[in-house]
1. Filter the stretch 57-103 for residues that are among the polar types (S, T, N, Q), closer than 24 Å to residue 113 by Cα and not in a loop (DSSP other than H, G, I, E, B) and give the result.
2. Could you tell me which residue of the stretch 441-463 is surrounded by the fewest Cβ atoms within 10 Å (Cβ to Cβ), considering only residues that are touching a Lys or Arg at 6+ places or on another chain (Cβ under 8 Å) and assigned to a strand (DSSP E or B)?
3. From the set of residues in the stretch 422-432 that are farther than 21 Å from residue 509 by Cβ and either touching a Ser or Thr at 6+ places or on another chain (Cβ under 8 Å) or of a type in the set (Phe, Trp, Tyr) (or both), which is surrounded by the most Cβ atoms within 10 Å (Cβ to Cβ)?
4. For the stretch 464-482, name all the residues that are touching an Asp or Glu at 6+ places or on another chain (Cβ under 7 Å), under 15 Å from residue 434 (Cβ atoms) and either loosely packed, with under 12 Cβ neighbours inside 10 Å or modelled with pLDDT of 95 or more (or both).
5. Any residue that is closer than 30 Å to residue 590 by Cβ and in a strand (DSSP E or B) - is there at least one of those in the stretch 219-230?
6. Would you say residue 615 is within 18 Å of residue 260 (Cβ to Cβ), in a loop (DSSP other than H, G, I, E, B) and out of contact with any strand residue (DSSP E or B) (no Cβ under 6 Å at 6 or more places or on another chain)?
7. Could you pull out the residue among 182, 162 that is surrounded by fewer than 22 Cβ atoms within 10 Å (Cβ to Cβ), in contact with a Leu (Cβ under 9 Å, 6 or more places away or on another chain) and under 24 Å from residue 245 (Cβ atoms)?
8. Return a yes/no flag: does the stretch 354-364 have any residue that is in contact with a helix residue (DSSP H, G or I) (Cβ under 8 Å, 6 or more places away or on another chain) and among the basic types (Lys, Arg).
Amino acid sequence: MKRKLLYVALLLSTSATSHAQFGNLLKKKKTTDTPEQSTTPATKNDEVTNTVSDNSPSKTQAWNIGFDREINWFNLTSLGTVIVSTDDALYSLDPVTGKENWKLDQFAKVSKANYNGIKGSPYIAILEGSVFNMKQNIVDISQGKVVCNTKELGLSYVTKRLPIPNLGALLFAGQNNKGVALMLVNLLNGQATWTINSVFEKITEQMVADPLYTNNSIIIATNRRLYKLDATTGALQWKIDYDTKTDIPLAGQKVVSDDKESTQANDDSKKASMKETMAAAVSTVFGKFVTLNDKVAYYYNTQTITAIDIATGNITWPKTKLDDPIANVLFDDNGILVATDDKKSELMLFDYATGNAKWAEPLKIAGRISSIKLTGTKLAVGAAKQNGRNMVSVVDIISGKSLTASPLKVDGFILDLRIIDNVGLLYRTNQECNILDLNTGKEQWPKSIKYASGGLGLDKGDLTYFIADNSIYEVNNTNGNHKEFASKKFGKDEIFRTIELMDNGIVVTSDQNVAMIDYAGKLVYHAYHPAPGISTFGKIMNIAAMGVSMAASASEGYQAGASGYGTSSYKNGMERADRWSNVASAAMSDMSKRFKASANAKNYKLILTKVTTTDDSGVGLVRVNKQTGKVDGKVVLDDKKPDYLFDEIDNILFYKDGNKKLVAYNFSK
């Protein structure tokens with residue numbers, strides 16, 4: 001018991017940071033808004049779609065299922081099936097018919113935290129037991145079959161569960177009756193390929209990175225060492241001492257599930273329990289392996305980076321320890337670009353073969369690095385300062401020397417950076433857009449494009465279209481020319497929140513509005529559907545979603561801005577490592593079909609509004625076709641804060657009606 005207590009204390013201390021997500025994301029506000037009238041302030045030449053007319057098609061229930069016990073939560077899996085957790089069982093439902101695919105009575109009242117989707121696979125992990133007796137059930141969601149149970153496989157409890165996709169397996173660390181154990185489980189048959197007790201010396205030694213499978217070997221990292229094991233037998237091939245700190249999870253961890261949650265899935269005010277915290281900690285990582293050619297493995301954690309000869313375990317270049325935590329690593333054609341994370345960050349470039357720094361000294365950045373963009377040999381690095389001002393450094397990636405006398409100053413969080421030859425640095429933030437002269441730092445446009453909200457943009461060839469309050473701007477990325485492409489005032493003074501490029505125009509949306517502007521700048525349609533007296537909550541949610549989108553956009557620019565993520569060797573190697581290629585099943589085939597179909601799944605927007613039909617009226621949802629702006633389906637839910645999810649691929653709406661009933665509306669019929 002003492003050993004278990006020691007491990008639990010260590011595990012909890014290392015996972016606290018990563019579990020802030022279990023608290024409230026948003027505090028809901030009371031609202032006294034009254035329902036708006038179904039009218040839109042007319043502007044000249046506007047083409048406004050009728051909001052909710054009686055002649056728009058009303059959708060009747062495709063099916064409804066009443067459960068004996070209360071529904072705790074429901075979601076949509078990567079297979080398109082619906083998972084429902086109740087107080088008496090875990091169910092899988094066919095989305096079209098509502099027919100029960102399977103029911104697992106042993107998983108009654110499973111919390112969201114104890115239900116872990118395994119990304120890219122048709123498997124989930126369901127955790128059961130107490131803190132000191134926690135077992136993992138791996139379930140094939142296509143069949144409702146428990147593939148394996150770690151307790152039955154001999155593990156008294158599990159401390160880590162990490163995937164090896166291209167081996168079709170999971171690697172578990174924990175304890176069995178012989179002591180500290182490591183177990184590889186083949187998900188095709190649910191059997192342990194091997195279990196070994198000769199690797200880890202103490203229970204406090206824990207895996208800290210997703211394993212790397214290469215040449216029939218598995219390389220793993222713990223907080224103490226790096227190991228290479230034979231994938232067939234588990235036999236130790238080599239080990240080297242290598243510490244990895246477990247106080248801060250590795251930045252940019254991958255999403256661990258493909259499931260889509262309902263609108264109220266995170267409406268939970270309680271704090272995560274110790275059990276739920278440990279449930280999430282089983283997949284938390286603090287380091288990462290990368291291989292480009294199956295000969296050398298690069299390993300980095302929050303403090304160090306090194307390269308290892310896969311065959312021998314020899315460190316091919318010295319372990320490089322940095323003064324500050326590593327924020328990100330980019331594998332570029334010119335070398336390995338490492339960015340640190342602190343109030344004053346540093347940027348370094350290392351040689352692939354030797355590990356030697358390719359620059360005379362690290363480039364010091366005044367702030368926390370938020371974005372990187374490489375154009376030719378010119379590297380633009382955006383950084384955020386604590387005072388809210390943001391800086392951009394422009395660097396020659398070959399020499400590491402700054403190409404500007406001092407960092408360039410911009411207002412707002414940086415969303416995009418581009419260096420235009422003979423013009424300057426084009427930048428776009430969540431507050432402004434302009435071009436700066438690389439020599440003087442002066443603004444090249446007479447007046448910056450300023451906005452209170454916006455900055456999200458998309459490329460179409462050499463042009464970028466981005467939103468700025470109630471306007472769309474067009475910027476030519478080859479010469480810096482720009483113009484206000486279109487402007488439209490939305491109903492209830494809502495501003496543009498999302499932007500999408502479609503074949504016949506640009507679609508912008510807010511909570512209650514959808515509009516399309518064609519590529520000549522002419523308004524095609526504007527559909528406005530008033531909020532049903534709860535617009536405040538909707539606006540809060542939408543602002544939060546926009547914040548997430550901006551963060552994702554910045555992260556994408558940061559990670560993909562340098563050419564490394566576009567290098568064929570890196571891309572092919574990592575895609576191969578992340579693919580569940582050895583799990584050839586009907587479920588994987590279904591997942592592949594859904595993935596391909598998802599490309600055409602964004603043609604509709606659901607809007608919560610006041611709905612009137614020939615038989616009923618009340619709060620409900622309308623589905624607006626983004627191509628036409630017309631309502632092509634509506635349902636009355638009579639619920640001002642409905643718990644629902646919409647499957648954009650099969651066009652089915654799932655709605656929790658009361659505490660024990662799930663209802664489906666098929667919009668494709």
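The values are calculated or read from the model by the stated rules, or taken from the named source; none is laboratory data. Keep in mind it's a predicted model, so treat the numbers as computed, not measured. Note that each Cβ is placed from the backbone with ideal geometry, even for glycine, and that neighbours are counted across all protein chains shown.
1. 72, 75, 85, 86, 92, 101
2. 457
3. 427
4. If the condition is that a residue be touching an Asp or Glu at 6+ places or on another chain (Cβ under 7 Å), under 15 Å from residue 434 (Cβ atoms) and either loosely packed, with under 12 Cβ neighbours inside 10 Å or modelled with pLDDT of 95 or more (or both), then 473, 476, 482 are the ones that fit.
5. no
6. It is false that residue 615 is within 18 Å of residue 260 (Cβ to Cβ), in a loop (DSSP other than H, G, I, E, B) and out of contact with any strand residue (DSSP E or B) (no Cβ under 6 Å at 6 or more places or on another chain).
7. Testing whether each residue is surrounded by fewer than 22 Cβ atoms within 10 Å (Cβ to Cβ), in contact with a Leu (Cβ under 9 Å, 6 or more places away or on another chain) and under 24 Å from residue 245 (Cβ atoms) leaves just 162.
8. no
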